[in-house]
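The values are calculated or read from the model by the stated rules, or taken from the named source; none is laboratory data. Keep in mind the model is a prediction, meaning the values are calculated, not measured. Note that we place each Cβ from the backbone using ideal geometry, even for glycine, and neighbour counts take in every protein chain shown.
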Amino acid sequence: MKKTISFLMMVVIASMVAAYDLSSIEEAFVDEGKISAYVVVADQGTAADVLAQLDIINYLSRFSDGPATGIGKLVSEIDDIYEKDIISIGDPCISEITKDIMDYGGDCDFEEGLVKFYGKKGKTQLVIYTVSEKSIRDAAASLTQNEIEGDEAIIKPTAEEIEAIKKREQESLMQRVQQNTNQTQNDTPDIFNASESAEEQPAEPEPAVKSWWTTIRGWFRGLFR
């Protein structure tokens with residue numbers, strides 16, 4: 001019976017999370033006039049990430065009865081990710097919180113951004129990341145201006161961002177090729193230098209070795225001189 005009740009509670013919580021809409025994030029993160037979430041950026045996040053954080057905090061504060069103080073955090077300031085609701089700004093390669101929420105185990109070559117609701121351990125999480133500094137503020141603005149709908153939105157890169165992604169990929173490829181070339185050169189023995197070194201070294205003189213018979217004969221000769 002207890003297992004059945006627990007399962008039903010999980011279903012109810014999951015349905016509540018799914019019911020939240022990105023067009024009105026205040027419904028997910030403001031409860032009875034109080035902001036229920038931390039808005040978190042990575043410690044190594046950009047200035048644009050911090051500005052996006054402030055944009056979202058200012059938006060949520062409109063629906064709060066009091067000042068929105070103490071809700072802006074760095075990842076390093078969060079001891080328990082699931083202590084309360086969280087809005088995590090930053091991709092899973094720079095934010096451990098985003099990585100944990102998404103259960104992410106992929107690479108870091110992001111070609112598009114994401115804004116998505118999650119519901120883990122009885123709390124609500126919202127993940128926000130994009131492929132550039134400029135577009136993270138645009139994503140935050142879309143949220144605060146109620147321009148996104150649903151519980152998940154893919155943030156497509158602009159033409160400028162696509163060119164930047166291609167350039168990064170080309171640079172990364174060239175770097176890997178150069179590393180492989182250097183490694184191959186380091187692993188190849190330098191035969192010519194080894195031969196030259198061997199030729200340049202003077203031959204050691206062979207030690208003079210006398211036979212036992214030569215030694216005795218010399219001793220006898222000395223007796224009759």
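General remarks:
- Sole residue being out of contact with any helix residue (DSSP H, G or I) (no Cβ under 7 Å at 6 or more places or on another chain), buried (at least 18 other Cβ atoms within 10 Å of the Cβ) and closer than 21 Å to Ser36 by Cα, chosen from Ile87, Ile57: Ile57
- Residue tally, condition surrounded by 19 or more Cβ atoms within 10 Å (Cβ to Cβ), touching a helix residue (DSSP H, G or I) at 6+ places or on another chain (Cβ under 7 Å) and within 20 Å of Ser36 (Cα to Cα), over the range 101-122: 3
- 2 or more residues under 14 Å from Ala140 (Cβ atoms), within 27 Å of the chain's Cα centre (by Cα) and modelled with pLDDT of 95 or more: qualifying helices (runs of 4 or more DSSP H) within the range 1-114: 47-61
- Cβ separations smaller than 6 Å between residues 6+ apart or across chains give the following pairs from the range 132-143 residues that are closer than 13 Å to Thr46 by Cβ to residues that are surrounded by fewer than 18 Cβ atoms within 10 Å (Cβ to Cβ) and among the aliphatic types (A, V, I, L, M): Arg137/Leu51.
- Against the test of being in contact (Cβ under 8 Å) with a residue 40 or more places away in the chain and of a type in the set (Ser, Thr, Tyr), the options Tyr104, Tyr82 yield a single qualifying residue, Tyr82.
- Complete set of residues in the range 123-137 that are surrounded by fewer than 21 Cβ atoms within 10 Å (Cβ to Cβ) and at pLDDT 95 or above: Lys123
- Tally, over the range 65-76, of residues that are touching a residue at least 24 places away in the same chain (Cβ under 8 Å), surrounded by fewer than 17 Cβ atoms within 10 Å (Cβ to Cβ) and farther than 23 Å from Thr130 by Cα: 2
- Looking only at the range 22-54, residues that are touching a residue at least 40 places away in the same chain (Cβ under 8 Å), touching a Ser or Thr at 6+ places or on another chain (Cβ under 6 Å) and more than 17 Å from Thr124 (Cβ to Cβ) come to 1 in all.
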